[in-house]
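Structure, as structure tokens:
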Amino acid sequence: MKTLLAPLLLSLAMTATVFAAWPINDECPVDHKPARPIYRVKTDEGFVAFCCTDCMQTFSKSPGKYPVKKKEVSK
């Protein structure tokens, strides 16, 4: 039983890490196109996703200029 406990806890921790790194938005704050999770920047509120690398770099230069529309959480 103890041999199963360690892999189980490790897999739970990995799953939590994946969801914690998921973006807080569905729309690119710069171009307002659908965001792609591979293009993201970590902020105080979480990861912000963008549609392309150009938008990601533009946001990084002046993040206060582009408000992030958070996705709605379904209950």
Would you mind finding the one in 39, 66 that is in contact with a strand residue (DSSP E or B) (Cβ under 7 Å, 6 or more places away or on another chain), at pLDDT 95 or above and surrounded by 13 or more Cβ atoms within 10 Å (Cβ to Cβ)? 39
Among the residues of segment 1-36, which ones are open to solvent by less than 70 Å² (accessible area, probe 1.4 Å), modelled with pLDDT under 95 and of a type in the set (A, V, I, L, M)? 6, 13, 16, 21
Within segment 22-44, restricting to residues that are touching a residue at least 12 places away in the same chain (Cβ under 8 Å) and part of a strand (DSSP E or B), the one that is nearest to residue 73 (Cα to Cα) is 25
Residue pairs qualifying under the 7 Å Cβ cut-off, at least six apart or on distinct chains, with the first in segment 45-60 being touching a residue at least 60 places away in the same chain (Cβ under 8 Å) and open to solvent by 20 Å² or more (accessible area, probe 1.4 Å) and the second being of a type in the set (A, V, I, L, M, F, W, C) and in a helix (DSSP H, G or I), are none
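The values are calculated or read from the model by the stated rules, or taken from the named source; none is laboratory data. Treat the numbers as computed from the prediction; the structure is a model and nothing was measured. Neighbour counts are summed over all protein chains in view; Cβ atoms, including those assigned to glycine, are modelled from backbone coordinates with ideal geometry. Remember, those area values only see protein heavy atoms, side chains included, never the ligands or the DNA or RNA. Shrake-Rupley method; radii C 1.70, N 1.55, O 1.52, S 1.80 Å.
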